[in-house]
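Q: Dropping a structure here in structure tokens format, bear with me for questions.
The values are calculated or read from the model by the stated rules, or taken from the named source; none is laboratory data. What you see is a predicted model; the values in this text were computed from it and never measured. Because the Cβ atoms are built from the backbone with ideal geometry, glycine has one as well, and the counts that use them run over all protein chains shown.
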There are 2 protein chains.
Amino acid sequence: MAKAHDPQFSKLVKKLINTQRPQVLKSLLETLNPVEISNILLQLKLRHQLAVLEMLDRETASEVLTNLQDSSSVLESIVEEMSPEQLSGFIGEMPGDDAADFVSMMEEDQADAILETLPPKERDTLTQLLQYDEESAGGLMTPFVVSILKDQTVGQAIREIQAYVKKQPQFQLFYTAYVVDEYRHLIGTVSVTELLLADKRTLIQNLMNPEVVAVDQDLDQEEVLRLAKEYDLVVVPVIDKHLRLIGRVTIDDLVDVMAEEYHEDIGHFAGTGDEEVSETSIIKTSRDRLPWLLIGLIGGFISALVMSTYENALINLPEVAFFIPLVAALGGSIGIQSSSIVVRGLATGAIQTSDLIVRLSKELRVGFLNGFICSMVLVGMTWYLSQNLSMALTSGTALLLVVCFAAFVGSTIPILMKRMNIDPALATGPFITTSNDIIGIAIYLAITFNFDMLSLIQ
Amino acid sequence: MAKAHDPQFSKLVKKLINTQRPQVLKSLLETLNPVEISNILLQLKLRHQLAVLEMLDRETASEVLTNLQDSSSVLESIVEEMSPEQLSGFIGEMPGDDAADFVSMMEEDQADAILETLPPKERDTLTQLLQYDEESAGGLMTPFVVSILKDQTVGQAIREIQAYVKKQPQFQLFYTAYVVDEYRHLIGTVSVTELLLADKRTLIQNLMNPEVVAVDQDLDQEEVLRLAKEYDLVVVPVIDKHLRLIGRVTIDDLVDVMAEEYHEDIGHFAGTGDEEVSETSIIKTSRDRLPWLLIGLIGGFISALVMSTYENALINLPEVAFFIPLVAALGGSIGIQSSSIVVRGLATGAIQTSDLIVRLSKELRVGFLNGFICSMVLVGMTWYLSQNLSMALTSGTALLLVVCFAAFVGSTIPILMKRMNIDPALATGPFITTSNDIIGIAIYLAITFNFDMLSLIQ
């Protein structure tokens, strides 16, 4: 296989466009498949992207555009440059769910203009699909779904499927045929493999698996993914409020949901928000990242205010200030450790919001154990630097308290957020680090300057 | 569907075991499917887990054990308690790839004991599979693969597949039949849907798609996943060094790879290492998390040493110390932002190790822009707190330098690590935060106490 990730390839394409050699470019593109062409486009400027798309036949171009949906900012700028007629030509080639995603990405005027140019039947299907929330099972599904009846024989069912497929504008692979009753209620499934291998006279009801796993049209895409993962499903049927079969969600879309979810979670962790790896605009990148930095800035300012109230004490005992970065870092780390495990558990369903006490007790015990070890090390370090045992013991105690507090915050906040229907993943990044920094520093200074552990022990 | 995540369910199971009511337990379990039973097991203690497994028929129990492979510590402790005969009974029911994963998880003695109890044919297949690296295409694949010849008709091919499937100990669904030549070289694919719908007299060569995407047996599982995602494949054929078809990797295993990879990356980010959400041992959790905390502790100690060299200066101008947490937090955040984008880009192939200069220049420009905005805010804050314009301007300049340095480190380190074949994801968590903390504090103090920006400007 050609390695189209190779930057040499995109340089060659650029050169062929700049030197106006369309025939050579065309022959080069013909050796590549749509996935490879999409990868090359990602490395080109808009002008060159459009020149390449001009060269492709309509079917290939529409596949290339579908592949670009993962890099929405690139796709948006391409689409802005195209006429409604061009776009509706591409849409005619796309499977229903991809076409709906494609249209929903556009400005409203552009989308309306395109819908008007489509043939009535396609327009109706698309309008229907556009009504679902993009992140629900309905928004993810394709309405192309093969259904058969339980009192048909395998032979009859195959003939019916053949007739149905012939009427479809685009042929799509499917892996499961759905058995429905006369009201289109979903009552069972038969895999295509079973249909292929069965005797043609077998009745569908003797072949079908009546244990159906289906999802409601409004179910959130992450729940659909969780179900598919749990039951190892390659395709999930979608039903409406009357339990009628209306479509199916295929695994390739669920893999995209998984990648998206992953991207979102890491974006929260790292404070990069929705930024895409392929984003090239400096301004847009800065804008995506700045809010998370401002949280840190405000937190830092509050920490400075807290420290300024201990100004005189710090001048007398500057060694205390030396360990503030350490206290902040450890409090932050332990908070992130606890919260990240809880957030992941909540996402997979392994942790329930009702598990608050169980989880809190576990995280506190782990926090205490690790905090104790770290505190002992800190006592040694402080003693070494300050030659002041009393101060060293006091700092150690303060650190232990900070760490336990961080474990408490890290494990309870995500659960409470989930209970209040706020995305708990927000509690994994700069937000929780910053609040732990402030409160950690406040606890550390308050203990260190108000207690004397050595005299308390003695 | 029953919601087996509900903790009430596992409480009921526990109660039925403790009060010795096996009949009721058995009837309860019969209403549940293997996925639901696995979810319940995850919430039980070992003794109860074993009691539940005892109740199940061999087929269900082996499916339950397969589902538990995602929570390896739970599965390991269960397996330790079972006899080789019991285990080999379960293995006989599992698909090849799951059986191999299952055996490779055991201690060597236990694995050998089990292999000996298996029938020779099964043992050979399993021994073969166990030779592949667990994280390679070979380690992931099932050797059950349906192959047909290009000069067969569809009817002949179906009869051959029927005969092949009959000989298999376990029937597994498949979605694609592979077309091979007389040496088992892979030359094309036909989807099961196409076989089902085609005229029985069509020749396979007129139906097949000759554009095959296949992977080498030794290819890393993450590469297999990337390929499958790129080409929207539900199943990826695996070939040996002689290009002969030897197996297939199915999408459900790839979804697990994706979840694993995600888990690993978040573990690096959050400093929780390999810890599983379902881990209940406090000691084991502490051990997984402690190394990351020690990095922070050592970093904090070095920061303290750096600060102690400025002891006198800090006593004279304590306001400088107040902003150290802010400087450390911002340096850390910007470093994490840059490195997380680079690490993700390297993982998806959107960023190449040869892109060092391009990426560095982008991250530096973004860092400078955001650093400039944050520095302006810091100048205002410091001026307000210290009433000292000169010091405020100097701190702002220092912060800008710290931030640019952090962007530099965050974007170059992962690329250099990748070039040296070290997992770049290690550069996203405590490691990079800690080094940015130390160097950030050093730069900030060096600038603030050695330069006077106001006089430099004037």
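Q: Can you pull out the residues in the range B:126-174 that are over 30 Å from B:SER88 (Cβ atoms) and within 14 Å of another protein chain (Cβ to nearest Cβ)?
A: Hits for the range B:126-174 are B:ILE148, B:VAL154, B:GLY155, B:GLN156, B:ALA157, B:ILE158, B:ARG159, B:GLU160.
Q: Another question about this same structure. Is it the case, given these coordinates, that B:ASN67 is touching a Pro at 6+ places or on another chain (Cβ under 7 Å) and of a type outside the set (Val, Ile, Thr)?
A: yes
Q: Hand me the list of helices (runs of 4 or more DSSP H) wholly inside the range B:1-105 holding 3 or more residues that are loosely packed, with under 15 Cβ neighbours inside 10 Å.
A: It comes to B:7-18, B:22-30, B:46-55, B:72-80.
Q: Considering only residues that are touching a Gly at 6+ places or on another chain (Cβ under 8 Å) and free of Cβ contacts under 8 Å to residues at least 40 places away in the same chain, which ones fall in the range B:309-328?
A: Listed by number, the list holds a single entry, B:PRO325.
Q: Quick check on B:ILE413: is it within 24 Å of B:VAL366 (Cα to Cα), surrounded by fewer than 20 Cβ atoms within 10 Å (Cβ to Cβ) and not aromatic (Phe, Trp, Tyr)?
A: In short, no.
Q: Of all residues in the range A:242-259, how many are within 11 Å of chain B (Cβ to nearest Cβ), in contact (Cβ under 8 Å) with a residue 40 or more places away in the chain and either closer than 13 Å to A:SER147 by Cβ or among the charged types (D, E, K, R) (or both)?
A: 2
Q: From the residues in the range B:291-308 that are without any contact (Cβ under 8 Å) to a residue 60 or more places away in the chain and surrounded by fewer than 18 Cβ atoms within 10 Å (Cβ to Cβ), which one is nearest to A:PHE372 (Cα to Cα)?
A: Filtering first and then ranking leaves B:LEU294.
Q: Give the range A:299-332 a look and list any residue that's more than 28 Å from the chain's Cα centre (by Cα) and more than 7 Å from chain B (Cβ to nearest Cβ), or say none.
A: A:ILE302, A:LEU305, A:VAL306, A:THR309, A:TYR310, A:ASN312, A:ALA313, A:ASN316, A:LEU317, A:GLU319, A:VAL320, A:VAL327
Q: Report yes if some residue within the range B:127-139 is farther than 19 Å from B:THR250 by Cα and surrounded by fewer than 17 Cβ atoms within 10 Å (Cβ to Cβ); otherwise report no.
A: Within the range B:127-139, one or more residues are farther than 19 Å from B:THR250 by Cα and surrounded by fewer than 17 Cβ atoms within 10 Å (Cβ to Cβ).
Q: Hey, could you check the range B:356-392 for residues that are buried (at least 17 other Cβ atoms within 10 Å of the Cβ) and among the polar types (S, T, N, Q) and say which is nearest to the other protein chains (Cβ to nearest Cβ)?
A: B:ASN370
Residues are listed down the side, and each one gets a yes or a no for (1) under 14 Å from B:ASP253 (Cα atoms); (2) over 27 Å from the mean Cα position of the chain (by Cα); (3) at pLDDT below 80:
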position	(1), (2), (3)
B:THR60	no, yes, no
B:ASN67	yes, no, no
B:GLU76	no, no, no
B:GLU80	no, no, no
B:GLY89	no, yes, no
B:GLY92	no, yes, yes
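Q: So A:LEU149 clears everything in (1) closer than 29 Å to A:ALA259 by Cα; (2) touching a residue at least 12 places away in the same chain (Cβ under 8 Å); (3) among the aliphatic types (A, V, I, L, M) except one condition, right? Which one?
A: So the condition that A:LEU149 fails would be (1).
Q: Right, another one. Would you confirm whether or not the range A:138-147 contains a residue that is hydroxyl-bearing (Ser, Thr, Tyr) and either touching a strand residue (DSSP E or B) at 6+ places or on another chain (Cβ under 7 Å) or under 30 Å from A:VAL277 (Cβ atoms) (or both)?
A: Yes, the conditions are met somewhere in the range A:138-147.
Q: Okay, moving on. Quick one: would you say B:GLY335 is surrounded by 17 or more Cβ atoms within 10 Å (Cβ to Cβ) and facing another protein chain (nearest Cβ under 8 Å)?
A: no
Q: Something else about it: Got a sec? Which of B:GLY349, B:GLY296, B:GLY371 is in contact with a His (Cβ under 6 Å, 6 or more places away or on another chain) and of a type outside the set (A, V, I, L, M, F, W, C)?
A: That would be B:GLY349, the only listed residue that is in contact with a His (Cβ under 6 Å, 6 or more places away or on another chain) and of a type outside the set (A, V, I, L, M, F, W, C).
Q: Taking the stated definitions as given, is A:ILE341 within 21 Å of A:ALA425 (Cα to Cα), surrounded by 24 or more Cβ atoms within 10 Å (Cβ to Cβ) and either out of contact with any strand residue (DSSP E or B) (no Cβ under 7 Å at 6 or more places or on another chain) or at the interface with chain B (Cβ under 7 Å from one of its Cβ atoms) (or both)?
A: Taking the combined requirement at face value, the residue satisfies it.
Q: Can we say A:GLU276 is among the acidic types (Asp, Glu) and within 22 Å of B:GLY267 (Cβ to Cβ)?
A: no
Q: Also: Which one of the conditions (1) of a type outside the set (Gly, Ala, Ser); (2) in the same structural domain as A:PRO424 (by TED's automatic domain parsing); (3) modelled with pLDDT of 90 or more does A:PRO237 fail to meet, given that it meets all the rest?
A: Answer for A:PRO237: the failing condition is (2).
Q: Out of (1) more than 20 Å from the chain's Cα centre (by Cα); (2) within 21 Å of A:PRO143 (Cα to Cα); (3) among the aliphatic types (A, V, I, L, M), what's the single condition that is false for A:ALA113?
A: (2)
Q: Oh, and also: Let me confirm something: among B:THR125, B:THR117, B:THR153, B:THR142, which residue is assigned by TED's automatic domain parsing to the domain that holds B:ASP240 and out of contact with any Phe, Trp or Tyr (no Cβ under 6 Å at 6 or more places or on another chain)?
A: From the options B:THR125, B:THR117, B:THR153, B:THR142, the qualifying one is B:THR153.
Q: Among the residues of the range B:395-402, is there at least one that is within 11 Å of another protein chain (Cβ to nearest Cβ) and crowded, with 23+ Cβ neighbours inside 10 Å?
A: Yes, because at least one residue in the range B:395-402 is within 11 Å of another protein chain (Cβ to nearest Cβ) and crowded, with 23+ Cβ neighbours inside 10 Å.
Q: Test of understanding: among A:SER62, A:SER38, which residue is in contact with a helix residue (DSSP H, G or I) (Cβ under 8 Å, 6 or more places away or on another chain) and within 18 Å of B:GLY345 (Cβ to Cβ)?
A: Only one candidate passes the filter, namely A:SER38.
Q: Which of the residues that make up the range B:197-234 are within 11 Å of another protein chain (Cβ to nearest Cβ) and touching a Leu at 6+ places or on another chain (Cβ under 9 Å)?
A: Result: B:ALA198, B:VAL212, B:VAL213, B:ALA214, B:VAL215, B:LEU225, B:LEU227, B:ALA228, B:LYS229, B:LEU233, B:VAL234.
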